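Reading through the structure tokens given below for one structure.
The values are calculated or read from the model by the stated rules, or taken from the named source; none is laboratory data. Model, not experiment: these values are computed from the prediction. Counting neighbours? That spans all protein chains shown, and the Cβs are built from the backbone with ideal geometry, glycine included. All accessible areas refer to the heavy atoms of the entire protein, side chains included, with ligands and DNA or RNA removed. Shrake-Rupley method; radii C 1.70, N 1.55, O 1.52, S 1.80 Å.
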Amino acid sequence: MKIGQVSKKYGISKDNLYYYIKYGLLVPKKKGANYDFDAQTLEDLERILQLKKMRFSLSQIHRILSLYRISSLADPKDVEDLKHMCMDQIASLNSQRLDLDRQIGNLENLIDSISRLSEPVAGASGVPLSMLSLICCPECGSDFELSDIKMNQHYIHRAHLKCSCGYEAYVEDGILITPNRNTDMYDTPDVNRDMYKNLPPSLISLFEKSYNWMGEKIGKMDLNNKVVIETYVNAWCFMHNHQKLFSPSGKYIIVDKYPETLRMYKELIDMQNYNLDILYIADSSTNFPLKEGCVDLCIDYFAVNEHNFYHESFLYDKLEKYFNGDTQLLGTYFYFDNGIRSMKNLIREYPTVSKHNFSISYFTDNMAGAVEAFEDCGYTESSGDNIGFSFHQDGEKMYLRAYIAKASKRKKQT
């Protein structure tokens with residue numbers, strides 16, 4: 001038989017057959033440039049395949065074949081050698097079986113622990129009673145009257161909030177929902193976390209570098225009894241998978257225009273059991289029902305970029321009334337280096353986008369005087385099939401800069 005016929009009959013690649021020949025396991029006759037597999041060579045191949053199923057290594061197989069070739073096992077010493085090799089292999093397989101059983105047990109335990117992570121959490125969170133002092137009417141600054149309340153000793157799960165000036169809001173499923181409902185047509189709530197799917201390794205590396213840098217800065221902050229806010233989390237949410245960085249005595253606010261997105265994140269955060277006091281606010285504007293000057297740290301993970309998808313204004317200009325003299329700004333900014341085609345794609349997908357979005361000069365101008373430190377995390381030339389960066393044209397460099405700033409030092413642009 002020719003080597004192609006042998007490959008087809010025994011289901012083994014020609015490359016493997018050539019390797020066995022080179023290794024000396026197979027010794028077929030050669031006629032010109034072709035190998036001719038006679039009956040003896042085919043018998044050797046069948047023995048090799050049988051021994052491989054018994055988990056013998058190629059070096060062991062070579063030794064066994066040598067015993068057959070030297071004496072055809074006529075020598076009692078060769079027989080004993082082969083018996084000992086088989087007994088040693090049985091011992092080795094038994095050891096592997098015990099290890100496999102242990103690893104199967106470890107996998108079963110891992111599955112059990114993972115399954116428990118998705119179990120419903122008893123007593124899901126709501127509006128923390130400890131944070132009611134931060135809430136007020138965004139129109140006149142007055143306190144609310146609450147009615148139709150469902151609550152426990154820690155959280156309000158349902159309520160009607162009404163101000164004497166006529167402003168009304170609701171707590172539904174533990175989320176504070178304002179009358180500022182989303183009306184734009186160019187976005188949808190990311191309840192399946194599609195923003196986190198199909199991220200290429202280069203983009204994940206940028207994210208991780210910025211996460212690490214921001215985490216290092218948070219680790220140096222005293223957030224005890226401080227108020228931290230993060231907005232526009234439908235794009236990306238930093239707090240949900242970095243809860244361990246934050247102080248249990250702090251107060252945390254997560255804002256997004258979609259109640260559905262907030263509900264999804266609230267369930268994920270509740271499952272992690274860090275027991276942080278978190279106020280979820282569904283509001284599509286930047287006119288939140290919060291007291292002025294209450295925020296000590298503002299987290300921006302794509303929020304400044306995301307705001308400019310729908311507004312010409314700079315995000316921190318809109319949030320400024322919630323900042324105090326010590327408020328810090330910690331976040332990231334994505335920008336293009338000559339991303340002409342990417343910006344054309346962006347304008348086509350989001351007609352409301354600001355022409356200044358993804359511009360590092362626009363960002364640095366608006367942050368003039370405020371930035372205390374920054375880290376250029378690098379760039380990617382492809383965002384893959386990720387829906388969050390569907391406008392990114394392959395080949396154009398998109399950079400990510402992490403920064404920390406002092407809000408009171410920012411020179412507001414005119």
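For ILE90, project a label point 7 Å along Cα to C-beta. Then give me every residue of the stretch 17-56 with its amide nitrogen under 20 Å of that point.
50-56
What does the charge dipole of the stretch 49-153 about its Cα centre add up to, to the nearest 20 debye, if the Cβ of each Lys and Arg holds +1 and the Cβ of each Asp and Glu holds -1?
1020 debye
Between rounded, prolate and oblate, where does the stretch 194-284 land on the alpha carbon gyration tensor, with a ≥ b ≥ c its root eigenvalues, rounded for a/c under 1.5, else prolate if a/b exceeds b/c?
Oblate, since a/c reaches 1.5 and b/c is not below a/b.
Hey, got a sec? Which chymotrypsin sites (Phe, Trp or Tyr not before Pro) in the stretch 156-265 land in a DSSP loop and have at most 14 other Cβ atoms within 10 Å?
TYR186
How about the stretch 269-303: which chymotrypsin sites (Phe, Trp or Tyr not before Pro) there are in a DSSP loop, with at most 16 other Cβ atoms within 10 Å of their Cβ?
Sparse-neighbourhood loop chymotrypsin sites (Phe, Trp or Tyr not before Pro): TYR274.
Just in the stretch 326-372: which trypsin sites (Lys or Arg not before Pro) are loop by DSSP and have at most 14 other Cβ atoms within 10 Å?
LYS355
Using modelled backbone amide H atoms (1.01 Å from N, in-plane), which distant-in-sequence or interchain residues come within less than 5 Å of MET151's amide H?
Under 5 Å from the amide H of MET151: HIS157.
What distance in nm separates the simple spin-label points at LYS406 and GLU46, each placed 7 Å from Cα in the Cβ direction?
8.6 nm
Under the rule of at least 5 residues apart or a separate chain, name every residue whose amide H is placed under 5 Å from the amide H of LEU290.
Excluding prolines and chain starts, which carry no amide H, the hits are CYS136.
With a 1.4 Å probe and every protein chain left in place, tell me how much accessible area MET151 has, in Å² to the nearest 10.
Spelled out: MET151, probe radius 1.4 Å, area about 100 Å².
Mind pulling the angle between the C-alpha long axis of helix 58-71 and the longest principal axis of the chain? Nearest 10 degrees, somewhere in 0 to 90.
Roughly 10 degrees between the two axes.
Calculate the length of the line joining the C-alpha centroid of the stretch 122-190 to that of the stretch 395-414, in whole Å.
When both Cα centres are located, 31 Å separates them.
Could you calculate the contour length gain from GLN5 to ILE149, that is, 0.36 nm times the residue separation minus the distance between their Cα atoms, to one decimal place in nm?
Between GLN5 and ILE149, full extension yields an extra 43.8 nm.
Working out 0.36 nm times the residue gap between ILE104 and LYS29, then minus their Cα-Cα distance, what length gain in nm do you get to one decimal?
22.4 nm
Tell me which label goes with the value of Kirkwood radius over Cα pairs in Å computed from the coordinates here: (1) 26.5; (2) 21.8; (3) 25.5.
Among (1) 26.5; (2) 21.8; (3) 25.5, the one derived from this structure is (1).
Just check the stretch 111-194 against the gyration tensor rule for me: Cα atoms, a ≥ b ≥ c as the square roots of the eigenvalues, rounded for a/c under 1.5, and otherwise prolate or oblate depending on whether a/b exceeds b/c.
The shape class here is oblate.
Based on alpha-carbon centroids, what's the gap between the stretch 307-344 and the stretch 203-255 in Å, whole number please?
Computed from Cα coordinates, the inter-centre distance equals 17 Å.
Please list 3J(HN,Hα) in residue order for the stretch 31-45, calculated via the Karplus relation 6.51 cos²θ - 1.76 cosθ + 1.60 where θ = phi - 60°; whole Hz, with x for glycine and proline.
10, x, 9, 10, 8, 10, 8, 7, 4, 5, 5, 5, 5, 4, 4
How much length, in nm to one decimal, is gained on full extension between ASN225 and GLU139, taken as 0.36 nm per residue of separation minus their Cα-Cα distance?
Here the segment from ASN225 to GLU139 would lengthen by 28.3 nm.
How much accessible area does THR41 have with a 1.4 Å probe, in Å² rounded to the nearest 10?
10 Å²
Could you list which residues have their amide H under 5 Å from that of VAL227, counting only those 5 or more apart in sequence or on another chain, with H placed in the peptide plane?
LYS251, ASP296, LEU297
Under 14 Å from the Cα of LYS344, which aspartates and glutamates turn up, not counting those fewer than eight places away in the same chain?
ASP394, GLU396
Is the shape of the stretch 315-374 best called rounded, prolate or oblate, per the rule: a/c under 1.5 gives rounded, else a/b larger than b/c gives prolate, else oblate, with a ≥ b ≥ c the square roots of the Cα gyration tensor eigenvalues?
prolate
Provide the per-residue ³J(HN,Hα) series for the stretch 134-148, in order, calculated from phi with Karplus coefficients 6.51, -1.76, 1.60 and θ = phi - 60°, each as a whole number of Hz, with x at glycine and proline positions.
8, 9, 7, 5, x, 8, 10, x, 7, 6, 8, 9, 9, 9, 6
Just to check I understand the Karplus step: with θ = phi - 60° and J = 6.51 cos²θ - 1.76 cosθ + 1.60, what whole-Hz values come out for the stretch 394-405, glycine and proline as x?
Once θ is set to phi - 60°, the couplings for the stretch 394-405 become 3, x, 8, 7, 10, 9, 10, 10, 9, 8, 9, 9 Hz.
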